[in-house]
Amino acid sequence: DVVNFSASSSSVTKGETLIDTVNNILSMKVDMVVMRHPNPGAGIFLSRHVNASIINAGDGAHEHPTQALLDCYSIREKLGDVEGKKVVIVGDILHSRVALSNIFALKLLGAQVKVCGPYTLIPKYIRSLGVEVEPNLKNALEWCDVANM
């Protein structure tokens, strides 16, 4: 069974904290909380304050891990495996929740990852994640097995 909850139509709008609200939901003996929240880090915060499994389904402009799981699944479905594949993520990497989550997931599964876009839209820390930068789209597409646009 699934219990849906929206903060906009709950006691949160009257001042109840997120922790209070989730603890009320947990009293219904739920197995896990799948949470999408507008504030970055909300899932991590909540996991430190309640006794439950928290699944981050997206938080603010930070991450979108459920989309990354779907993207990895699609690669696996089409190519048989993610490990060893060359994946280029193209576009506005700096402002993309999906790009960051894809980088984490793809690297964890053994893919080589490059990003492609103008340097003004690439985070300065991107290389510290084990990701290469290729500003030329033609070169990036010639290199990759998978292009994520």
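The values are calculated or read from the model by the stated rules, or taken from the named source; none is laboratory data. This structure is a prediction, so every number in the text was calculated from the model and none was measured. Note that each Cβ is placed from the backbone with ideal geometry, even for glycine, and that neighbours are counted across all protein chains shown. In case anyone asks, the SASA skips ligands and DNA or RNA and just uses the protein heavy atoms, side chains included. Shrake-Rupley method; radii C 1.70, N 1.55, O 1.52, S 1.80 Å.
Here are some notes:
For (1) at pLDDT below 95; (2) of a type in the set (Asp, Glu); (3) farther than 17 Å from His62 by Cβ, each residue gets a yes or a no:
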site: Lys86; (1), (2), (3): no, no, yes
site: Val90; (1), (2), (3): no, no, yes
site: Ser96; (1), (2), (3): yes, no, no
site: Val113; (1), (2), (3): no, no, yes
site: Ile126; (1), (2), (3): no, no, no
site: Asn139; (1), (2), (3): no, no, yes
site: Glu142; (1), (2), (3): no, yes, yes
site: Asn148; (1), (2), (3): no, no, yes
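- Flag: Pro65 does not match the condition of being touching an Asp or Glu at 6+ places or on another chain (Cβ under 6 Å) and at pLDDT below 90.
- At least 1 residues being under 13 Å from the mean Cα position of the chain (by Cα) and among the polar types (S, T, N, Q) is the threshold, and among the helices (runs of 4 or more DSSP H) wholly inside region 25-139 those reaching it are 65-79, 97-108.
- Sole exception among (1) over 27 Å from Gly130 (Cβ atoms); (2) surrounded by 14 or more Cβ atoms within 10 Å (Cβ to Cβ) for Ile89, by number: (1)
- Residues that are surrounded by 11 or more Cβ atoms within 10 Å (Cβ to Cβ), of a type outside the set (Gly, Ala, Ser), closer than 30 Å to Ala99 by Cα and at pLDDT below 80, drawn from region 1-58: Phe5
- Selection from region 68-86 of residues that are open to solvent by less than 60 Å² (accessible area, probe 1.4 Å) and either among the polar types (S, T, N, Q) or in contact (Cβ under 8 Å) with a residue 60 or more places away in the chain (or both): Asp71, Ser74, Ile75, Lys85
- Only residues that are open to solvent by less than 40 Å² (accessible area, probe 1.4 Å) and over 17 Å from Asp92 (Cβ atoms) were counted in region 131-149, giving 2.
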